[in-house]
Amino acid sequence: HRERVRSVLNASQLLPVITINDPDDAVPLCRALFEGGIAVMEITLRTEHGLEAIRQVRDALPDVWVGAGTVTSLSEYRQAEAVGAQFIVTPGVTEALLDFALTAQSPLLPGVSTASEIMLGYSLGYREFKFFPAEVAGGVSALKAFAGPFKEAVFCPTGGIRRETARGYLALHNVLAVGGSWLTPAEAVARKDWASITEMAVASLADVNG
Ligand code: 3PG
């Protein structure tokens, strides 16, 4: 389990958090991100189209690594696995989800925002976490503080991160990737302006590596 979730975080510095409002958007949107250099993406189950979107992207874009986000129950976890989600992201943790995921087909990136939640994950063997909601839960300073007691923990912060602030997070040694919805601006998606999505991916990658 651990190696698989670690490889998700190692595969891309940026993790787009995608919400699908029009089911026809999923494949062109993910293709646009891939053309911009981002191969790992999270499609949330915040809308009724999430699961179907994951299925479509798995079928149409075999080189894209697609996970399911905003998973909050075991039943959603199983449904996401059934449509081919290659990893699962939760906003927080429950013992039931953490236990289930240890032997699940798709690995879990569990969401934490406190030392107690990290300790719960740690006790079950987790070392990779989503840090959510990153900006309101203390941002870069909190992640620096977590590096003291949790030397092996690595994070993918998401929540309130923008293109301009991503780099500061990635400079931390316990941050492997940063996530966010800034990579898929709602206005651009509504216009089906896929070229601008590709440009945003290219520009964001240049910013974090520049
Ligand atoms: C998430 O689920 O990771 C966040 O909602 C993404 O946060 P953002 O929309 O503030 O980028």
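The values are calculated or read from the model by the stated rules, or taken from the named source; none is laboratory data. Because the structure is a prediction, the values reported are computed rather than measured. Here the Cβ is made from the backbone with ideal geometry for all residues, glycine too, and neighbour counts use every protein chain on show.
Here are the numbers for the structure shown:
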item	result
Residue match in the stretch 29-47 (condition: among the β-branched types (Val, Ile, Thr), surrounded by 15 or more Cβ atoms within 10 Å (Cβ to Cβ) and away from the ligand (no atom under 16 Å from the Cβ))	no
Selected residue (criterion: surrounded by the fewest Cβ atoms within 10 Å (Cβ to Cβ)) from residues of the stretch 48-64 that are in a helix (DSSP H, G or I) and not aliphatic (A, V, I, L, M)	Asp59
Contacts under 7 angstrom Cβ, first residue in the stretch 167-183 being without any contact (Cβ under 8 Å) to a residue 60 or more places away in the chain, partner not hydrophobic (A, V, I, L, M, F, W, C), 6 or more apart	Arg167/Asp207; Tyr169/Pro157; Leu172/Lys144; Val175/Pro157; Val175/Tyr169; Trp182/Arg162; Trp182/Arg163
Test: residue in the stretch 106-128 that is more than 19 Å from Ala153 (Cα to Cα), touching a helix residue (DSSP H, G or I) at 6+ places or on another chain (Cβ under 8 Å) and at pLDDT 95 or above	yes
